[in-house]
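Here is the structure we will look at.
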Amino acid sequence: MIKIEKLHKSYPIGKDSLHVLKGIDLHIKEGEFVSIMGSSGSGKSTLLNIVGLLDVHDEGNYFLNGQLIKDMNEKKAALLRNKFLGFIFQSFNLISYKTALENVALPLYYKGISRKERLKTALDYLEKVGLKEWAEHLPNELSGGQKQRVAIARALVTKPKVVLADEPTGALDSTTTDSVMDLLKDINDEGMTVFVITHEEEVAEQTKRVVRLKDGLIISDEITAVGKSKAV
Amino acid sequence: MFDLDRWREIFQSINKNRLRSVMSGFTVAFAILLFTLLFGIVSGLSNTFKGAFVDDAQNAMFVRVWKTSKPYKGLQTGRRIQLKNKDYNYVTDEYASKIQYQSARIYKNFSIKYKNEASNYSITAVNPDHQFLEKTIIEEGRYLNERDLNEASKVIVIGRLIKKDLFGERPALGKRVNVNGSSYLIIGIFSDDGGDNEERKAYIPLTTAQKMYGNNDYVSQIALGYNPNLSLTEAVTFGNRLERDLRSKLNIHPDDQSALSVRNMAEANKGIGQFMGILYAIVIIVGSGTLVAGIIGISNIMIFVIKERTKEFGIRKALGAKPASIVAMVVQESVLITTLAGYLGLSLGTYILSLIGDSLEENYFIKDPSVSPGIVIGATVVLILSGLIAGYVPAKKAANIKPIEALRAD
Ligand SMILES: Nc1ncnc2c1ncn2[C@@H]1O[C@H](COP(=O)(O)OP(=O)(O)OP(=O)(O)O)[C@@H](O)[C@H]1O
Ligand SMILES: [Mg+2]
């Protein structure tokens, strides 16, 4: 599903440049549930953004669903994002003037689906994350956990092949963290590939594979206990 | 291209961000309002000046004589100048190619009497062309014709108000009135845009007046309409030449304005033309200044608006929005706001102008101020186009920044 070879990424800082990813090799197959860990500044978000086509890499190869990602213009990237990818951000990134339901329905608008069907599907997904009653509320009327569940519903509504989550539980307490993780597990059980960044060992433990980054390199890549038990 | 979903997105964005929308709309509405008022007031001024000259034909010229004020060739000052038929004939023959209408005038003041009603009126004896020189409008019957002149008929064309004075609501056409003791047949009744005075006048054939009152060939004034093919400058030259020519013919000092003068509408027209030219030049400068200010205003607001929305655009792109759809959304929103606001400014301006109406005519010479729709539509189109460009340039830029950078924006 995701295949990365010798990936490099630097950020220009004034005249110098900061080498963030220094040759990453990573292969994630369809249906995997992978977490990335690593200290702050190790390049986790950078990697996820490149995988999510929100940013571009400098060197190396990246294949998404078998397609080489190279010289991608914004239009093509938008199409691929809409078709294959769902995003969950630490800061939710809901549109503040749209209701929960409208936020969830928005990716379907860019897919060209009719309004009636959009709203119906969006409501189904809100129900799935347990927020059907909150459909008409604006984001600032929701708690952090509720917002993140709306964001998850929005990431899922297009039935993406890969869900990318950058510290989805970073802003949540332990109870809401558990409910979000349960949702991600359900998604994965339905066959979606889930790729999640986290700082919390308890979160990583619930995924099937943990990749650890340090200074722009992968230092370990292990199947978790959960992963082993599921594999059997 | 009508995309209902896109419009729904735009209406929501406008509705949920009212302050922002009102701000950008206000600039446009204000610019168009100022523009409308400015043009309205100038057109009001222009109406006043045009209206001041409706009494006579635009191409009228009048040869007037009085007493000499300068000695000339041994002749004394204070000599009374008298025009005669031969002078009239000389002018109309000599300058035939430069003349469209021609008429001599003799002024009389007589009582006109019908049954028991009688009153004094100014009566002018004229040639048939005089109708066009004075812009007399025939309401009933007809004006004087060549046959009346040839036969020196005792016929009279009376003003609408004379008819009202003497006949009231009763018919007057075909009736006979007594003018200074002799009986005249009313052949026509006229009105005149020059005001009430002009409608308390009566016209009789020139020849009749010469025969009945003095039995001479005297003429009080010569009225001409210069050939409309002449340019204003040519017409002014013609007037000056005619003036010099007649002065020399009548032994008048070449500069004796009092003895003989030609009043030429061409000169007045030229003056008005220049004045209006300057006025319109000012309006164009001030008007385009207003528009430019409006354009700069919209551009600034759009830059601000798009900056504010960069993060939203990033989110939309992460969800699969193509750059073009973001640009189209912003531009459509900007055009919608400018159009509505422009229309609002225009309506408000037109409404204010209609309230002003003729109330400023007395003191400020502004009569019936209004704007031609063409000019306002033009101005609105300019603003819409600038709204389009003002929206397009920054939106295009915003839509092309990497989504990750857009998402990081705050
Ligand atoms: N746009 C940017 N311009 C310059 N430097 C950047 C930019 N984005 C990230 N960096 C730098 O790149 C390095 C890696 O950043 P990244 O966000 O990938 O780290 P991270 O592993 O996600 O850290 P955290 O756990 O704190 O989120 C950091 O040193 C950061 O300062
Ligand atoms: Mg990060």
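The angle between the Cα long axis of helix B:373-400 and the main principal axis of chain B comes to about 20°, on a 0 to 90 degree scale. An oblate overall shape is assigned to segment A:15-87, the ratio a/c of its alpha-carbon gyration tensor axes (a ≥ b ≥ c) being 1.5 or greater and a/b not exceeding b/c. Packing, taken as the mean count of other beta carbons within 10 Å per residue, orders the peptides A:12-18, B:84-90 from highest to lowest as B:84-90, A:12-18.
Residue pairs exceeding 28 angstrom between C-alpha atoms, taken from B:K154/B:K201; B:K135/B:K164; A:K98/A:K214; A:K44/A:K228; A:K75/A:K98; A:K3/A:K128: A:K98/A:K214; A:K3/A:K128.
For segment B:191-200, the Karplus equation 6.51 cos²θ - 1.76 cosθ + 1.60, evaluated at θ = phi - 60°, returns couplings of 10, 8, 6, x, x, 4, 3, 5, 9, 10 Hz by residue, with Gly and Pro reported as x. Using the Cβ-Cβ distance between B:N240 and B:V22 with R0 = 60 Å, the FRET efficiency computed as 1/(1 + (r/R0)^6) comes to roughly 0.45.
Straight Cα distances below 19 angstrom link A:K185 to the aspartates and glutamates A:E30, A:E32, A:D124, A:E127, A:D166, A:E167, A:D173, A:E200, A:E201, A:E202, A:E205, A:E222, with same-chain residues fewer than 8 positions distant left out. For B:K164 and B:L348, the FRET efficiency from 1/(1 + (r/R0)^6), where r spans their Cβ atoms and R0 equals 60 Å, is about 0.85.
A straight line joining the Cα centroids of segment B:234-311 and segment A:19-46 runs 76 Å.
In sequence order, segment B:321-328 has phi-based couplings of 6, 7, x, 4, 5, 6, 4, 4 Hz under the Karplus curve 6.51 cos²θ - 1.76 cosθ + 1.60, θ = phi - 60°, and Gly or Pro positions carry x. Between amide H atoms placed 1.01 Å from N, distances below 5 Å from B:Q102 occur with B:D129, B:G225, all of them 5 or more places distant or on a separate chain. Less than 5 angstrom separates the built amide H of B:R79 from those of B:T68, all sequence-distant by 5 or more or on a different chain. Per-residue 3J(HN,Hα) values for segment A:40-47, derived from phi via the Karplus relation 6.51 cos²θ - 1.76 cosθ + 1.60 with θ = phi - 60°, read 4, x, 7, x, 5, 5, 4, 4 Hz in sequence order (x marks Gly and Pro). When chain A is treated as a GNM, springs tying every alpha-carbon pair under 10 Å, which of A:D25, A:D71, A:D178 comes out with the largest mean-square fluctuation? Evaluated over chain A, the most mobile residue of the options is A:D71. Helix B:265-308 axis versus longest C-alpha principal axis of chain B: approximately 10°, rounded to the nearest ten. Taking Cα pairs under 8 Å and at least six residues apart, what relative contact order does segment A:1-54 come out at, in percent? Here the relative contact order equals 33 percent.
Shape of segment A:121-232 from its Cα gyration tensor (a ≥ b ≥ c, root eigenvalues): rounded if a/c is under 1.5, otherwise prolate when a/b > b/c, or oblate?
Note, shape of segment A:121-232 comes out prolate.
Of A:K29/A:K111; A:K29/B:K311; A:K9/B:K402, which pairs sit farther than 22 Å apart, going by alpha carbon to alpha carbon? Too far apart for the 22 Å limit: A:K29/A:K111; A:K29/B:K311.
Quick check for you: with a 1.4 Å probe and neighbouring chains kept, what is the accessible area per residue of the protein assembly as shown, in Å²?
47
Within a straight-line Cα-Cα reach of under 23 Å, B:K86 can be paired with the following lysines, leaving aside sequence neighbours fewer than 8 residues apart in one chain: B:K67, B:K73, B:K98, B:K108, B:K211, B:K249. DSSP beta bridges fully contained in segment B:82-249 are about 75 percent antiparallel.
Helix A:174-189 and the longest principal axis of the C-alpha atoms of chain A enclose an angle of approximately 80°.
The aspartates and glutamates whose alpha-carbon is closer than 12 Å to the alpha-carbon of A:K116, local same-chain residues fewer than 8 away aside, are A:E102, B:D5.
Between segment B:153-200 and segment A:132-172, what's the alpha-carbon centroid distance in Å? When both Cα centres are located, 93 Å separates them.
Near the amide H of A:I197, within less than 5 Å, lie the amide hydrogens of A:I36, A:A165, A:D166, A:E167, all on another chain or at least 5 residues away, with H placed in the peptide plane. Once both labels are positioned 7 Å from their Cα atoms along Cα-to-Cβ, the gap between B:N15 and B:I377 label points is 3.2 nm. Carbon and sulfur: what percent of chain B's accessible surface (1.4 Å probe)? Answer for chain B is 57 percent, counting heavy atoms of protein chains only.
For A:D189, B:D3, what's the largest-to-smallest order of accessible area, 1.4 Å probe?
A:D189, B:D3
Beta bridges per DSSP, both residues in the protein assembly as shown: antiparallel share near 70 percent. Considering only protein heavy atoms and a 1.4 Å probe, what is the carbon-and-sulfur percentage of the accessible area of segment A:1-117? Here carbon and sulfur together make up 50 percent of the probe-accessible area.
The values are calculated or read from the model by the stated rules, or taken from the named source; none is laboratory data. These numbers come from a predicted model, not from an experiment. Positions of Cβ are backbone-derived with ideal geometry, glycine not excepted, and every protein chain shown enters the neighbour counts. Note: areas computed on protein heavy atoms with side chains; ligands, DNA, RNA excluded. Shrake-Rupley method; radii C 1.70, N 1.55, O 1.52, S 1.80 Å.
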